[in-house]
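Have a look at the structure below before the remarks.
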Amino acid sequence: MTLLDTDREEPAGTASRAGLPLTAAQSGMWYAQALDPLSPAQNTAECLEIDGPLDPAIFAAALRRVTAEADALRVRVVDTPEGPRQYVEPEVELPLTVLDFRGHEDGRERAEAWMRDDLATPCDLATGPLFRQALFRVGEDRWLWYQCIHHLVIDGFGYSLLARRTAEVYSALVRGAEPPARAFGTLAELVEQDTAYRTSEAFAADRKHWSEEFADRPDVPRLAGRGALPGRTFRRRTAHLPQVTSERLREVAGRLRATWPEVLMAAQALYTSRATAQSDVVLGVPMMGRVGSASLRIPGMVMNVLPLRLSVTPEDTFAELVRQVVLGVRQLRRHQRYRYEDIRRDLGLLGESRGLVGPLVNVMPFDYALDFAGTRARARNLSAGPVDDLTVNVYDRADGGGLRIDHDGNPALYEDADLAAHQDRFLHLLEGLADTDPQVPLRVHGIATAAERALVIEEFNRTGHEVPPTTLIGPIESRAARCPGATALVYGDTSLTYAELNARANRFARHLQSLGAGPGRLVAVAVPRSVDLIVSLLAVLKSGAAYLPLDPEYPQARLTYMLDDAAPVCAVTDRPGRLPADGDTPLVVLSELEPAVLDAELPTNPARPLTPADPAYVIYTSGSTGRPKGVVVSHGAIDNRLRWMQYAYGLRSDDRVLQKTPSSFDVSVWEFFWPLREGAALVVAEPGGHKDPVYLARLIDEQAVTTCHFVPSMLQVFLTGADVSGLCAGLRRVFCSGEALPRETAQAFGKALPRVALHNLYGPTEAAVDVSHHTCQVGDTGPVPIGRPVWNTRLYVLDAALEPCPPGVPGELFLAGRQLADGYLNRPELTAERFVDDPFAAPGERMYRTGDLARWTEQGEVEYLGRTDHQVKLRGQRIELGEIEAALAGRPGVTGACALVREDRPGDQQLVGYVTGEADPSDVRAALSRELPEHMVPAAVLVLDAFPLSPNGKLDRRELPVPVFTGAERAREAASPLEKTLVGLFAEVLSVERVGPDDAFFDLGGTSLLAVRLVTRIGEELGSELTIGSLFEAPTPARLAARLGSGRPAAGDALDCVLPLRPEGGRPPLFAFHPAGGIAWCYAGLAARLGPDQPVYGIQARGLTDDTPLPESLQEQAADYVRRIREVRPHGPYRLIGWSVGGILAHTVAVLLQEAGEEVQLLALLDAFPAEQWRERPAPEEGDALTAVLRMAGFERTDERDREDVLATLRRGGSPLAGLGDHTLNRIVDIVPNHARMMREHVHGTYDGDVLFFTAAAPRAEDWLTREAWQPHVRGGLENLDLDCTHPQLLQDRQLDAICEVLTERLRKLDI
Amino acid sequence: MALTLEQIRADVADALGEDPAEIPFDENLLDYGLDSVRIMALLEGWRRDHAVSADFADLAEQPAIEAWAPMLGVAVS
């Protein structure tokens, strides 16, 4: 039932016929809606429950009167050439629905369902009204009053004004009295206030304030670990904080001279800090923005969201944090009129789609004591507007029910269970804060609930297992006694039995004992991989001493340092000169050892008073202060590790284990000793062989290796080698560790070696090689976990206060249990810093702080997330950047130094050093290679004038330049100066290290946007007028040089209807039809990937360069394209592909060609959907076309109102598209909506054949689109490939790889 | 008991956790950290203890002690 608004009064201050501009606050809402006109996300709504008698007719009369009084409710917004304007209508028809559900048992549910449906219906801004009302009668004296209002015209405070005025008018009318005079101000006043502010000095001052405050553009704390665009809907979970807790929090607030909303903000800051492992937290605070202004009496959209930046540390007290909030909010309030969108734009965050704030804390303490002629009413919010990430809405309705807390989440980021977990923990934290003295440090608070705490500390760590008190060497000796004749070791042509190996090691051990080796002592071993290396290591252990492996490849300086630091009783080397002779360490040189000396020793196991508590080995790792540190690992620790490994993977006597890891890297420990403890054979690779995947594959094959280890990056290389599956027939299991194992590598492994198990292990040297394990399964997705703890080992993921993180929450990984190292050799302070008291175990137990960021999965596995510091892993080797930096800074002439690992090309990691000062970079690098192991020497050293600094003076690592490597390895030299210049320009634009004169632009990763840049650069450098088309025709420096040199005019403009992306090649060409913008450059990557023999032509819209009238229909357009295609290829077979609108065109062209009797071999549709899917949806207006143009150029639309603004943005942003010229850009703005219209009017014919379809499978706003809608228009089948991306991402490199894999295969079959 | 200017200032200072001497009579208290929740709390207290009848919007529209005085029944000399 809709009632007519009859008894209106003419409101004062009505806007003129010209309408009013939007306020800045409204503009934000308008653009958000314009981006997605069908989205209901901007609908806000609330429901008032009125428990008592109500007269619906009087209520309707009251609503009519309030509607007549409130400008906001009578507004509609129209896009005009001057930008959007709002018109306040003198009268509107009251959109009121009255429904009586008294007769229904489920009346309430029906009402709720009605409200939900209504809330999901978008408002039409141009026609209005921008609100809807409903009144439900769900019981004799029970009423629900529903209001839904577009956010453009209302905010939370505005609702309270409307509700109170409605109650006031209703109450008066019931009494038969004239309601008190209208108290609302007008919309015109709001606009006037806004205009005055935006031209005031305060505006400029506020802008300056915010720009300075956030100049360093802090990282946004995201509870989901990532961001997403706001969706059309949101998820909500509602809870009520018990009245007693609410009261106690109010008391805390009162004692701290704060308000309870400020206390809740502080609590949320604490929660966010702990849940995101960040101490710098930026919350979003919605401000009502009305105090001190006439807008207090104007229902409208005034509120603003402002960033509240807080520092949360475990040392601070809650009282201090609350005070920080109080002062922060006070500061914020002084600049509260400056818009959130403007701050983001000023900081340059819009273009990067970066956020400014984490969770929003939206506290609505508005007075809702409503009285409808004596009947009380309770208000309940149904929607508070779009949710970017997570919004915590807190309502105090002063009804004695405690605080209501709604957690609203963006569905792209949060499942219901996620929201529930965050909310439960937040409430748990509030309880804790209410019950705790606010003057104690925040470290006493944790965010995990009791159940979560028990889960992550106890349940996930139930690893207790009895192990005998043995050593690393004992089980090897007993095994040798049990299988003396079995093969223990194979190296090249040499093979030793257990008895032979044991005897040799025993003799040498006795000799070492004679030199002082024994339990608690150290013996260094600097022997390349060989039989002698194994014998030496065993001998040291047998003597009772711990071994100190020294990589003979290490520079002398480092070896000297380690020998001086560790002071071993002696050092074993294979030959003279291996170790610095000037040190104090006695050397045992194997090549000079008289055989008689060893022969004199007994071949039986030597006696030694060795216990599991004695050290087994000392391995040096990189040290952040510039000094490497020795990690001391006990026999008990490594024995536990090897016993667990045998239990988990069951090595048998017929197993053969590859030993290829350098002895200075602790993975080698299990390679050396695990097989010898179990009666298996050790296959030793040649020195240096571990770097050669071809050699390794051959060795694995020839020696029938069953078990081996790879660092993931090496595994990746290994798997790409030829015939891995053929050469590794005997492999049973492969272990990975040393760095994060990419899922792609695990999947490639599963494909190449389907019958071989792949185990991912994790652990630092400080915890006896590995402490966690995960077995990869085919079909698993997402990051590969580092898994569950091994025997007698506990993993803790802890927050900054060393409180446990619940599953899913990132924190620092701590390790505890039997495998912990004793500590760092001679470094008690460092040991005490990294090995700390374990608060979850018996007193005296320690835990090791790894510096790794990690999180638990719900299933009790740990996922590795990165580092908390500057330690990096490069090809599995652990490097402290601080050590590299110290070495750089130590060179003469260097005044400042910095090092980092870059990955400028995917998968290609490089260590790069940066220095300031007078030093010569090649000298610096050469010096470092004399000091540091090979893996720690930077691939490049760059000299800078100064380090790039962020606005707050910190080193801005992101701004450090990419190293440029010169000199093509295989390419020929440039033949002429012109070629040479072009080669340089190619390299510059592509950011590629090496370009040869015959390398093609698009094969080197060139995109259409880069093409424009290259052409521009060539114009600047050579003064030559080139078109993009000439780059497509002559894509290499050599061919371009020839073309430029010949003075031949540049042919084939890049905007012509037929764009030869690759004109050469013998196969039938592929025609690729432009998407909505009319340009087909997006298919350049297709041409590059389909190979040199497959011609590709882009088909582009007419009129990009001239004023040719745009086509009336797709049919007309397609017929034109058929003529153009026939000019290239008069007769079939034809191959067609199209993305988006281009897909519809391809289908239409295919139908026309078939009707003409031609053969169409291939019709490939890239996420294109037929006309009837679009027909019912309104076509976009120019606003959307402008958005589309901006998106093509990589910009998100902000406040660009018209074409001029858009062109200005493109020019300002240096966009290559701006180089297109205003005419073309203007035409694109016409072409986009013309396509949208034609697409909706199009009637499809039927294509006789199969369709190859590619779906952009990421969730999309247009969730009604389905490829099945093609069925009526296709007589054959529809083969689909889902790609994990959005529609606009479909032609990006990664997706193109997948698309072209399928296409190549398909085209190849067609060619046969 | 009737409100006085000094009492208003003392109450405002208390709500802000500041020294009363820091709170001016004639300046916009928004800049000193006064917000809607504090105004409501102050108003509640004054209604209870001093039978004040002003409403929230009256106070919030002009957040300065001098402007409040007449609404809160305090004579300004």
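Here is a yes/no grid of residues against (1) modelled with pLDDT of 75 or more; (2) more than 29 Å from residue A:558 (Cα to Cα); (3) exposed (fewer than 12 other Cβ atoms within 10 Å of the Cβ):
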position	(1), (2), (3)
A:914	yes, no, no
A:918	yes, no, yes
A:926	yes, no, no
A:932	yes, no, no
A:942	yes, no, no
A:945	yes, yes, yes
A:957	yes, no, no
A:965	no, no, no
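If I ask for residues that are among the polar types (S, T, N, Q) and either more than 11 Å from chain B (Cβ to nearest Cβ) or touching a Cys at 6+ places or on another chain (Cβ under 8 Å) (or both), which ones from the stretch A:247-297 would you list?
Passing the criteria: A:268, A:272, A:273, A:276, A:278, A:279.
Checking the condition over 23 Å from residue A:511 (Cα atoms), outside the structural domain of residue A:823 (by TED's automatic domain parsing), at pLDDT below 95 and not polar (S, T, N, Q), which residue from A:652, A:575, A:558 passes?
On the way: A:652 fails: at pLDDT below 95; A:575 fails: over 23 Å from residue A:511 (Cα atoms).
From the options A:652, A:575, A:558, the qualifying one is A:558.
From the set of residues in the stretch A:841-855 that are over 17 Å from residue A:869 (Cβ atoms) and in contact (Cβ under 8 Å) with a residue 24 or more places away in the chain, which is surrounded by the fewest Cβ atoms within 10 Å (Cβ to Cβ)? Walk me through how you get there before you give the answer.
We begin by selecting, within the stretch A:841-855, every residue over 17 Å from residue A:869 (Cβ atoms); these are A:841-847, A:855.
Going one step further and asking which of them are in contact (Cβ under 8 Å) with a residue 24 or more places away in the chain, we end up with A:841, A:845-847, A:855.
Values: A:841: 16, A:845: 14, A:846: 20, A:847: 24, A:855: 22.
Looking at the filtered set, the residue picked out is A:845.
May I ask you to list the residues in the stretch A:890-912 that are surrounded by 15 or more Cβ atoms within 10 Å (Cβ to Cβ), within 21 Å of residue A:956 (Cα to Cα) and in contact (Cβ under 8 Å) with a residue 24 or more places away in the chain?
Those that are surrounded by 15 or more Cβ atoms within 10 Å (Cβ to Cβ), within 21 Å of residue A:956 (Cα to Cα) and in contact (Cβ under 8 Å) with a residue 24 or more places away in the chain: A:894, A:896, A:898, A:899, A:900, A:901, A:902, A:909, A:910, A:911, A:912.
Residue-wise test of (1) free of Cβ contacts under 8 Å to residues at least 24 places away in the same chain; (2) in contact with a Phe, Trp or Tyr (Cβ under 7 Å, 6 or more places away or on another chain); (3) more than 17 Å from residue A:645 (Cβ to Cβ).
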site	(1), (2), (3)
A:670	no, no, no
A:702	yes, no, yes
A:716	no, no, yes
A:719	no, yes, yes
A:727	no, no, yes
A:748	no, no, yes
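This table checks each residue for (1) surrounded by fewer than 22 Cβ atoms within 10 Å (Cβ to Cβ); (2) more than 26 Å from residue A:679 (Cβ to Cβ); (3) among the aliphatic types (A, V, I, L, M).
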{"site": "A:573", "(1), (2), (3)": "no, yes, no"}
{"site": "A:581", "(1), (2), (3)": "yes, yes, yes"}
{"site": "A:589", "(1), (2), (3)": "yes, yes, yes"}
{"site": "A:605", "(1), (2), (3)": "yes, no, no"}
{"site": "A:613", "(1), (2), (3)": "yes, yes, yes"}
{"site": "A:639", "(1), (2), (3)": "no, no, no"}
{"site": "A:645", "(1), (2), (3)": "no, no, yes"}
{"site": "A:650", "(1), (2), (3)": "yes, no, no"}
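Would you mention how many residues in the stretch A:203-247 are assigned to a helix (DSSP H, G or I) and farther than 19 Å from residue A:428 by Cβ?
11
Report, by residue number, each residue of the stretch A:481-503 that is free of Cβ contacts under 8 Å to residues at least 24 places away in the same chain and either touching a helix residue (DSSP H, G or I) at 6+ places or on another chain (Cβ under 9 Å) or not acidic (Asp, Glu) (or both).
A:481, A:484, A:485, A:495, A:497, A:499
Where in the stretch A:93-200 are there helices (runs of 4 or more DSSP H), lying fully within it, with 2 or more residues that are exposed (fewer than 15 other Cβ atoms within 10 Å of the Cβ), free of Cβ contacts under 8 Å to residues at least 12 places away in the same chain and on the phi < 0 side of the Ramachandran plot?
Passing ranges, in order: A:107-119.
Can you pull out every residue in the stretch B:48-64 that is more than 12 Å from the chain's Cα centre (by Cα) and either crowded, with 21+ Cβ neighbours inside 10 Å or more than 10 Å from chain A (Cβ to nearest Cβ) (or both)?
B:48, B:49, B:50, B:51, B:53, listed by residue number.
Given (1) part of a loop (DSSP other than H, G, I, E, B); (2) surrounded by fewer than 23 Cβ atoms within 10 Å (Cβ to Cβ), identify the lone condition not met by residue A:414.
Tallying (1) part of a loop (DSSP other than H, G, I, E, B); (2) surrounded by fewer than 23 Cβ atoms within 10 Å (Cβ to Cβ), residue A:414 fails exactly one: (2).
Here is a list: A:312, A:322. Which entry is in contact with a Pro (Cβ under 9 Å, 6 or more places away or on another chain), more than 9 Å from every other protein chain (Cβ to nearest Cβ), at pLDDT 95 or above and surrounded by 21 or more Cβ atoms within 10 Å (Cβ to Cβ)?
Details: A:312 fails: in contact with a Pro (Cβ under 9 Å, 6 or more places away or on another chain).
After ruling out the rest, the residue left standing is A:322.
Quickly run through the stretch B:30-47 and pick out the residues that are at the interface with another protein chain (Cβ under 9 Å from one of its Cβ atoms) and assigned to a helix (DSSP H, G or I).
B:30, B:31, B:32, B:36, B:37, B:38, B:39, B:40, B:41
With respect to residue A:228, is the statement that it is within 30 Å of residue A:389 (Cα to Cα) and surrounded by 14 or more Cβ atoms within 10 Å (Cβ to Cβ) true?
yes
Could you go through the stretch A:48-59 and let me know if any residue there is surrounded by fewer than 22 Cβ atoms within 10 Å (Cβ to Cβ), under 42 Å from the mean Cα position of the chain (by Cα) and under 25 Å from residue A:1186 (Cα atoms).
No, that holds for no residue.
Show the residue pairs meeting these rules: Cβ distance below 7 Å; 6+ apart or different chains; first residue within the stretch A:358-383 and free of Cβ contacts under 8 Å to residues at least 60 places away in the same chain; second residue part of a loop (DSSP other than H, G, I, E, B).
Within 7 Å, the pairs are A:369/A:398.
May I ask you to list the residues in the stretch A:869-889 that are assigned to a loop (DSSP other than H, G, I, E, B) and buried (at least 17 other Cβ atoms within 10 Å of the Cβ)?
Passing the criteria: A:870, A:876.
Among (1) crowded, with 21+ Cβ neighbours inside 10 Å; (2) modelled with pLDDT of 75 or more, there is one condition residue A:1173 misses while meeting the rest; what is its number?
(1)
Against the condition within 14 Å of chain B (Cβ to nearest Cβ), touching a residue at least 60 places away in the same chain (Cβ under 8 Å) and part of a loop (DSSP other than H, G, I, E, B), how does residue A:302 come out, does it pass?
Yes, satisfied.
Anything in the stretch A:410-452 that is in contact with a Lys or Arg (Cβ under 9 Å, 6 or more places away or on another chain) and farther than 28 Å from residue A:259 by Cα? List them, or say none.
Of everything in the stretch A:410-452, those that are in contact with a Lys or Arg (Cβ under 9 Å, 6 or more places away or on another chain) and farther than 28 Å from residue A:259 by Cα turn out to be A:410, A:411, A:413, A:414, A:415, A:416, A:418, A:452.
Residues are listed down the side, and each one gets a yes or a no for (1) surrounded by fewer than 20 Cβ atoms within 10 Å (Cβ to Cβ); (2) closer than 27 Å to residue A:38 by Cα:
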| residue | (1), (2) |
| --- | --- |
| A:1066 | yes, no |
| A:1079 | no, yes |
| A:1089 | yes, no |
| A:1098 | no, no |
| A:1105 | yes, no |
| A:1146 | no, no |
| A:1150 | no, no |
| A:1157 | yes, no |
| A:1166 | no, yes |
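Please work out if residue B:52 is in a helix (DSSP H, G or I) and modelled with pLDDT under 90.
no
The values are calculated or read from the model by the stated rules, or taken from the named source; none is laboratory data. Since we're looking at a predicted model, the values are computed, not measured. When we count neighbours, we look across all protein chains shown, and the Cβ atoms used for this are built from the backbone with ideal geometry, even at glycine.
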